[in-house]
Structure formats: structure tokens, C-alpha cells
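Everything below concerns the one structure shown next.
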Amino acid sequence: MNYIKTALLLAALTMLFVWIGGYFGGQVGAGYAFIFALIMNFGAYWFSDKIVLRMYSAKEVDPQEVPELYNIVRELALSAKLPMPKVYMTQQDSPNAFATGRNPRHAAVCVTQGILNLLNREELKGVIAHELSHIKNRDTLIMTVAATIAGAITMLAYWARWAAILGGIGGKGGRSRDSNIFGYLFMLIVAPIAAMLIQLAISRSREYAADRRGAYIAGTPAGLASALLKLEKGARAYPMQANHATAHIFIVNPLRGQGLAALFSTHPPVKARVERLEKIKI
């Protein structure tokens with residue numbers, strides 16, 4: 001059911017992007033938008049992992065440098081029937097982790113120094129199992145595509161704003177002008193919000209699924225549940241300098257938001273995730 005929901009949401013995101021292209025350029029604009037979406041997704045497919053690892057100055061590590069982490073990844077990859085992913089570390093005090101890569105054969109797991117300082121072995125196993133779940137479910141690709149299209153829609157809205165400022169909102173008045181004003185307002189306000197909400201729905205859905213599968217890969221939900229509670233507190237104590245476009249890849253949201261901002265978080269509430277984990281019987 002989660003896969004069907006995700007596929008429908010991705011289709012809705014792509015259709016929204018193509019519709020915006022059609023609004024500006026008719027059938028030709030819609031065609032260009034579709035081609036542009038394909039090009040962006042191709043770029044995201046091949047290069048997103050390299051970009052995000054470089055963005056956080058992540059360094060590939062070997063078994064001699066972090067033997068316990070490496071052994072956990074190898075053990076759980078074997079349990080999940082996955083190829084051994086590359087292991088990366090980033091020198092961030094904020095405790096967090098993420099997985100990236102276009103498919104299980106070209107995947108990487110990255111952890112911060114902060115997470116190694118904070119968690120015990122069972123909790124770290126829960127986190128790594130969660131990230132391997134993202135790899136096995138191919139969420140690393142799905143969420144990258146969603147973020148890419150959502151970002152492009154926001155970019156189109158930005159262009160529409162400048163088109164309205166520099167070129168006016170067309171027409172000599174009457175219904176045509178009112179229609180153009182309504183269309184531009186939609187581009188400026190509604191389309192980016194719709195894109196963001198669809199992306200958030202995809203991201204949250206995949207987090208719940210990864211939590212569940214991760215519990216089975218680790219053999220127990222207890223480690224991950226305990227880790228999530230610690231990571232939530234740790235992320236508040238040591239905020240990460242993270243890019244909004246990549247916030248969705250981390251196991252807990254590196255961008256802390258309270259009140260209304262929490263409604264637009266890329267992650268489900270930790271409390272809700274822990275409650276679901278506690279109901280899992282293995």
C-alpha cells in the first residue's frame with residue numbers, strides 16, 4: 001500500500017510540474033516541462049549521492065578506522081540481503097545519519113561523529129538498519145526525485161514572480177487580466193505549497209516504512225526506538241548546518257521547527273514513530 005501511495009504522489013508531483021509548464025507555454029510548454037523533469041531526474045539519479053556527500057564533507061572510512069560501525073553495517077547488510085554499502089563519516093557534532101545512492105549496488109551509509117558519541121551498539125544497529133531499509137526500499141532514489149521536482153516547481157514560481165514584476169500581468173483589463181492575476185497568484189503561492197506538501201507526504205510515508213523494516217532487519221524495534229528519542233534531543237542540543245533541500249534524507253530532521261513549522265517537517269513526529277515501533281512484535 002505504501003508503494004502505491006508513493007507512486008500516486010510522485011505522479012501528482014510530476015503532473016503539477018507539467019501543468020505549470022502548460023500554463024506558461026501551452027502544449028509546447030507542457031512538453032518542455034516534461035522533458036525538463038526527465039533531465040532533472042536523470043541528473044538526480046546519477047549524481048545526487050556524490051553531491052550530498054560532498055555537501056556535508058563526508059569521508060569514506062574503512063574497517064580499521066571505525067571497526068564497530070563497519071562490522072554493524074556488514075552484519076545488517078547481510079541480514080537484509082543487500083550488497084555491502086560504502087561507509088562514510090562526517091565530522092558533525094549533531095547526531096544524525098543518512099543513506100544515499102541510486103540503487104542497492106551503488107549505495108552509501110553516512111553517520112556523523114555525534115551519533116557515534118551518543119548511541120550504544122544496539123541503538124546504532126537500529127539506526128543503520130533503518131538506513132539500510134531506505135536502500136532496500138529504494139527510497140534514496142524516490143525521495144531524491146520528489147525533492148528535485150518539488151524544487152523545480154518552487155523555481156518556476158520564483159520565475160513567475162519576476163515575470164509579473166518585470167513584464168506585468170498582461171492583458172488590457174477585464175476578464176483576461178483577472179484570469180492572469182489569478183494564474184500568477186496560483187503559481188506564486190499555491191503551486192509551491194502543493195509541491196511541498198506532496199513531497200512531505202512521500203518523505204513521511206517512507207520514514208514509517210523504513211522504521212518498520214529496519215526493526216525486522218535489526219531483530220528488534222527497541223534499539224531504533226531508543227535511538228530516535230536520543231537523536232531528537234541531540235539534534236536540539238547540537239543543531240546541524242543543513243540544507244533545506246537535503247533535510248529529508250536524515251533519520252531525524254536536522255532543521256528544528258516548533259509550532260506551525262513542525263507541521264511542514266520532512267519527518268513524522270518522533271513520538272509517533274516510537275509508538276508505532278513499540279507495537280511491532282518480532
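The values are calculated or read from the model by the stated rules, or taken from the named source; none is laboratory data. Because the structure is a prediction, the values reported are computed rather than measured. Using ideal geometry, Cβ is built from the backbone for each residue, glycine included, and neighbour counts are taken over all protein chains shown.
Brief remarks on what is shown
- Scope region 28-78; condition outside any helix (DSSP H, G or I) and in contact with a helix residue (DSSP H, G or I) (Cβ under 6 Å, 6 or more places away or on another chain); matching residues: 63
- Out of 21, 25, 29, one residue alone is modelled with pLDDT under 75, under 23 Å from residue 189 (Cα atoms) and surrounded by fewer than 15 Cβ atoms within 10 Å (Cβ to Cβ). It is 25.
- Hits in region 104-125 (condition: of a type in the set (A, V, I, L, M) and outside any loop (DSSP other than H, G, I, E, B)): 107, 108, 109, 111, 115, 116, 118, 124
- Residue 128 being over 15 Å from the mean Cα position of the chain (by Cα) and not in a loop (DSSP other than H, G, I, E, B): yes
- Residues that are buried (at least 19 other Cβ atoms within 10 Å of the Cβ) and touching a residue at least 24 places away in the same chain (Cβ under 8 Å), drawn from region 243-260: 246, 248, 249, 250, 251, 252, 254
- Of the residues in region 43-64, none is among the aromatic types (Phe, Trp, Tyr) and modelled with pLDDT of 95 or more.
- Exactly one residue among 118, 132 is under 20 Å from residue 242 (Cα atoms) and modelled with pLDDT of 70 or more, and that residue is 118.
- Looking only at residues of region 99-114 that are over 14 Å from the mean Cα position of the chain (by Cα) and surrounded by 24 or more Cβ atoms within 10 Å (Cβ to Cβ), we find that the one that is modelled with the lowest pLDDT is 107.
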